[in-house]
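First the structure, in the form of structure tokens, and then the observations on it.
The values are calculated or read from the model by the stated rules, or taken from the named source; none is laboratory data. Here the structure is a predicted model, which means the values were calculated and not measured. Cβ sites come from the backbone with ideal geometry, for glycine too, and all protein chains shown count toward neighbours.
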């Protein structure tokens, strides 16, 4: 029974975050438990068990007399989320530069070069979707390579927050595909050189560029 409840809670959590990223639930919105049942399609018991986890992750907070408030986007969140990203990915990419298998780096480099070549000929909706998935997967892969479950979990929650920040600006836009691939390829070249300091400099520059786009500057 406990295992079944855990699966329902985890399913409810995943459903909530999917709705949040799809903007079916808006940042800063007040919602009731009953509304979350309708939005996620999950039973009330699973919703009630999910809420403490959402609160612990900073994705929702209980507001007295007003109900549950979804994470609101403000300058403090932007500063904090990108600062945390710099800390986690700086360490992860430095480690990756030292321990990644040669064939793994070669595959990553070729995948990025292939996307970039396609993008120079025109960005289709399918290419844009593949580029975005590869962008997120690259960062997740490097963080997960550390084999530290605590860090990976923190990274994924923070990634949700970053994707919410000015959502339209942080998604990869057609005109950004080549420049984002170029930023990634600069990181990959440093990884292939097995140079941790150069790798950290490159990934920090990439993260700072993403932060500027999120701020619209």
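Here residue 175 fulfils each of the conditions (1) in a helix (DSSP H, G or I); (2) out of contact with any helix residue (DSSP H, G or I) (no Cβ under 7 Å at 6 or more places or on another chain); (3) over 24 Å from residue 114 (Cβ atoms); (4) at pLDDT below 90 apart from (3).
With a cut-off of at least 1 residues that are modelled with pLDDT under 95 and more than 20 Å from the chain's Cα centre (by Cα), name the helices (runs of 4 or more DSSP H) lying wholly within region 100-166.
So the answer is 102-120, 125-144.
Evaluated against (1) touching a strand residue (DSSP E or B) at 6+ places or on another chain (Cβ under 6 Å); (2) surrounded by 13 or more Cβ atoms within 10 Å (Cβ to Cβ); (3) over 26 Å from residue 215 (Cβ atoms), residue 29 falls short on exactly one condition, (3). Screening 9, 85, 79, 53 for residues that are crowded, with 16+ Cβ neighbours inside 10 Å, assigned by TED's automatic domain parsing to the domain that holds residue 145 and closer than 28 Å to residue 141 by Cβ leaves exactly one candidate, 85.
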